Amino acid sequence: MEVEEVERLPRLSRVAVCGGTHGNELSGVYLVRELLKVKKKKKKEEEDEDGGAMSVLLVLSNPRAMQQCLRYIDTDLNRCFTHACLIGPTLDKTPYEMRRARELNAMLGPKGSAGAMDLICDLHNTTANMGLSLITYSDHDWICMHIFRHLQRQIPDTPVRYIHYDVTSKESYSLDSVGKHGFAMEVGPQPHGVVRSNIYTTMKSGVQYMLDWVHFFNSGVIFDGGFMDVFTVVKHIDYPRDGETHNITAAIHPQLQDRDFCLLRPGDPLFQTFSGETLRYTGSEPLYPFFINESAYYEKGIALCLARKRRVKIPSVRVQTEEEERQNEQRYTSEEEE
Amino acid sequence: MSSFSSCQSVREARRVAIFGGTHGNELSGVTLVHLWMKNGTEIQRRGVETRPFITNPRAVEKCSRYVDTDLNRAFTPENLSAPADGQLPYEVLRAQEINRMFGPKGSPDAYDVIFDLHNTTSNMGCTLILESSKDHFNLQMINYIQKALAPASCLVLLNEHPLLKYSTARSVAKHPVGLEVGPQPQGVLRSNIFESMREILKHALDFIELFNEGVEFPPCSVPVFRVSERVDYPRDANGNIMAMVHPNLQDCDWEPLNPGDPMFQTFDGKTIRYQGSGTIYPTFINEAAYYEKQQAFVATRRETLSANAVRKA
């Protein structure tokens, strides 16, 4: 019988868990604060017992926005991590979040370099009914995808999904793109400015299982490959708006509200105008909606996002041996020099 | 049958205002008022002047609760009489302007009725908020609305507590009525919530029209939830929240909370129980805007108010 090849990947020695990238998404804020408290209490001996296999850096990304319980102060921090934003000059008029992005890039990156964090998990909440969603830029990052599978198996009472934005590394704009591997862990529904205990607990489990997986991976466990569903983003749809005032003229239709990841077919209701008329989906392809009625997206002109779902095969993975790691580093360095 | 209770004569309700955007990120009211400012047919009734009005336009523009200070706490006697200079917070100046336009508060020139439209992140359903247990006109209107909406429910919150009562925008009118519909996140417009609020107002205006035409409304009972105390989150020495609303309490607005029942859950999973002496009925459970007001929920007690018969004077 043919043995399937096991993909060997570098150890994940340095992991970052970030909360408060949007200051009013409170599960992540309170979770990182709690993890910081626990870390402080832990005795030094206990830390050494971990064997130094992995270090976890806990970060509160946007402290000024957190203090005011706002999404951001000047501009959305989670759009400030493109290469162009990161390398620009820092002047007096540079918005707060641009500066902070550069600080975070220095701390967790630099993006694209050998010194960057091995894995960044950025914690978010959404007002949309999205359960636990991992949002990444890749449909072939086996680390992220195995973590996803692990979470899906360990958290059976919450729907767990994998969302892929098909964006190049250069154009990737979010905090998680600074690490060698990274994803946003998006949990909803939760209003901004509120922490719901069930949502907090789901996020806490998600982080715990993720760290467990990394620990097992680093210890040499082989994770079997298989199949998983990937939702690849295709487009988004804005609300209908008044030509003059730009105010919205319809709300998400009651039959679509809260139906994230339920297939939307051509002709299905999308919006209900304030005079009671139903506006329907006129696309030709059935797609999967998500971020349905996310409060922060009104100003971005997004009522919902749409994705294609497909089955993707992922290989078995295990951590590289030290020898393999050395060979890999040499190759990485010469690629960088190019 | 109890002794005869006389019919209360109340002045016609000629001037009615509908306030939206008192909190700029509570979108049902903002949307309804914008809609009706453009086309007010739906809110017109015989014999009534119905005026839709955006109370906090700057907050609406920013989609934030307020700019400097909470407009719905700003209508205190001190604020309303303060000399208007450049130093006053935006909402205090706005409160003075609204008092001039729709009041003055306490005077015979004030608007007859003001409906103030609000949303909450709490699972309160449709709620009507009263500031007085003795406003028989309001009690009768609420009774009418409740009967019209049945079997759908619309509960009544009475805040007459001397310390917890606050100076609302609607308090400028002779008959102030708060409409609170949830759950809805701030900055989000949910279709079902929007339509519920719209329907409540429809029946409210129908009542006013009937009342102004001379219909007499017989005595009735109105069950209410009376505000008794405000309960904060457990906090540490630095004032940081140490626990969240317990999963057993989350979304259970208006349900009884008995001594010993779970109330909060710490971030590391421990349960904190309610230690009060009697059953309370929590509401405004986990309202986003109340974290800064030190309020995890409002405790209420059940009561039945008697409304006299009312008829236009």
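The values are calculated or read from the model by the stated rules, or taken from the named source; none is laboratory data. Keep in mind that this is a model prediction, so the values were computed, not measured. Virtual Cβ from ideal backbone geometry, glycine too; neighbours counted across all protein chains shown.
With respect to (1) surrounded by 19 or more Cβ atoms within 10 Å (Cβ to Cβ); (2) touching a Pro at 6+ places or on another chain (Cβ under 9 Å), the lone exception for B:Pro262 is condition (1). Of all the numbered requirements in (1) surrounded by 15 or more Cβ atoms within 10 Å (Cβ to Cβ); (2) under 20 Å from B:Leu164 (Cα atoms); (3) out of contact with any strand residue (DSSP E or B) (no Cβ under 8 Å at 6 or more places or on another chain), B:Phe207 misses one, and that requirement is (2). The set of residues in segment A:97-115 being modelled with pLDDT under 95 and buried (at least 20 other Cβ atoms within 10 Å of the Cβ) consists of A:Gly109 alone. Among strands (runs of 3 or more DSSP E) entirely within segment A:248-338, having at least 2 residues that are among the charged types (D, E, K, R) singles out A:304-314. If you go through segment A:50-96 and keep only what is charged (D, E, K, R) and at pLDDT 95 or above, you end up with A:Arg64, A:Arg71, A:Asp74, A:Asp76, A:Arg79. Among the residues of segment B:231-261, how many are farther than 21 Å from A:Thr201 by Cβ and at pLDDT below 95? Adding up the residues that qualify gives 3. Checked against (1) more than 13 Å from every other protein chain (Cβ to nearest Cβ); (2) polar (S, T, N, Q); (3) in a loop (DSSP other than H, G, I, E, B), A:Gln190 meets all criteria but (1).
Take the conditions (1) part of a helix (DSSP H, G or I); (2) touching a residue at least 12 places away in the same chain (Cβ under 8 Å); (3) in contact with a Gly (Cβ under 9 Å, 6 or more places away or on another chain); A:Thr201 misses just one of them, which is (2). Within segment A:218-241, identify whether any single residue is in a helix (DSSP H, G or I), aliphatic (A, V, I, L, M) and either closer than 28 Å to A:Pro189 by Cβ or within 24 Å of the chain's Cα centre (by Cα) (or both), and answer yes or no. No, that holds for no residue.
Let's see how each residue does on (1) under 28 Å from A:Glu294 (Cα atoms); (2) in contact (Cβ under 8 Å) with a residue 24 or more places away in the chain; (3) buried (at least 23 other Cβ atoms within 10 Å of the Cβ):
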{"position": "A:Gly88", "(1), (2), (3)": "no, no, no"}
{"position": "A:Met117", "(1), (2), (3)": "no, yes, yes"}
{"position": "A:Thr127", "(1), (2), (3)": "yes, yes, yes"}
{"position": "A:Tyr137", "(1), (2), (3)": "yes, yes, no"}
{"position": "A:Asp141", "(1), (2), (3)": "yes, yes, no"}
{"position": "A:Pro159", "(1), (2), (3)": "yes, yes, no"}
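The criterion of being buried (at least 18 other Cβ atoms within 10 Å of the Cβ) and either within 14 Å of chain A (Cβ to nearest Cβ) or within 30 Å of A:Gln255 (Cα to Cα) (or both) does not hold for B:Asp112.
All conditions in (1) without any contact (Cβ under 8 Å) to a residue 40 or more places away in the chain; (2) under 20 Å from A:Cys18 (Cα atoms) hold for A:Leu151, with the sole exception of (1). The condition (being within 14 Å of chain B (Cβ to nearest Cβ), closer than 30 Å to A:Glu7 by Cα and buried (at least 19 other Cβ atoms within 10 Å of the Cβ)) is satisfied by just one residue among A:Val207, A:Val233: A:Val207.
The residues of segment A:261-295 that are within 12 Å of chain B (Cβ to nearest Cβ) and β-branched (Val, Ile, Thr), listed by number, are A:Thr273, A:Thr278, A:Ile292.
Residue-by-condition table, conditions (1) among the small types (Gly, Ala, Ser); (2) more than 13 Å from chain A (Cβ to nearest Cβ):
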{"residue": "B:Ser9", "(1), (2)": "yes, yes"}
{"residue": "B:Ile18", "(1), (2)": "no, yes"}
{"residue": "B:Glu26", "(1), (2)": "no, no"}
{"residue": "B:Arg46", "(1), (2)": "no, yes"}
{"residue": "B:Glu49", "(1), (2)": "no, yes"}
{"residue": "B:Thr55", "(1), (2)": "no, yes"}
{"residue": "B:Glu61", "(1), (2)": "no, no"}
{"residue": "B:Thr69", "(1), (2)": "no, yes"}
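Beta carbons closer than 9 Å, at least 6 apart along the sequence or on distinct chains, pair a first residue in segment A:249-260 that is within 11 Å of A:Asn293 (Cα to Cα) and at the interface with chain B (Cβ under 7 Å from one of its Cβ atoms) with a second that is of a type in the set (Ser, Thr, Tyr) and assigned to a loop (DSSP other than H, G, I, E, B) for A:Ala251/A:Tyr239; A:Ile252/A:Tyr239. Within segment B:185-209, the set of residues being out of contact with any Phe, Trp or Tyr (no Cβ under 7 Å at 6 or more places or on another chain) and either without any contact (Cβ under 8 Å) to a residue 60 or more places away in the chain or more than 18 Å from B:Thr41 (Cα to Cα) (or both) comprises B:Pro185, B:Gln186, B:Val188, B:Leu189, B:Arg190, B:Ser191, B:Asn192, B:Ile193, B:Glu195, B:Ser196, B:Glu199. Scan segment B:28-83 for residues that are under 21 Å from B:Glu195 (Cβ atoms), in contact (Cβ under 8 Å) with a residue 12 or more places away in the chain and of a type in the set (D, E, K, R) and the total you get is 2. Can you tell me which residues in segment B:69-92 are part of a helix (DSSP H, G or I) and closer than 14 Å to B:Thr22 by Cα? Within segment B:69-92, B:Leu71, B:Asn72, B:Arg73, B:Tyr90, B:Glu91, B:Val92 meet the criteria. I'd like the residue in segment A:261-284 that is within 20 Å of A:Tyr162 (Cβ to Cβ) and free of Cβ contacts under 8 Å to residues at least 60 places away in the same chain and, out of all such residues, is surrounded by the fewest Cβ atoms within 10 Å (Cβ to Cβ). Among them, the one singled out is A:Leu263. Residues in segment B:50-90 that are closer than 17 Å to B:Val177 by Cα and charged (D, E, K, R) were compared, and the one that is surrounded by the most Cβ atoms within 10 Å (Cβ to Cβ) is B:Arg51.
Residue pairs whose Cβ atoms lie under 7 Å apart, sitting 6 or more positions apart in sequence or on different chains, and linking a residue in segment B:231-253 that is more than 11 Å from chain A (Cβ to nearest Cβ) to a partner that is outside any loop (DSSP other than H, G, I, E, B) and surrounded by 14 or more Cβ atoms within 10 Å (Cβ to Cβ), are B:Val231/B:Phe297; B:Val231/B:Ala299; B:Pro234/B:Ala243; B:Pro234/B:Phe264; B:Pro234/B:Ile272; B:Arg235/B:Ile241; B:Asp253/B:Pro282; B:Asp253/B:Thr283.
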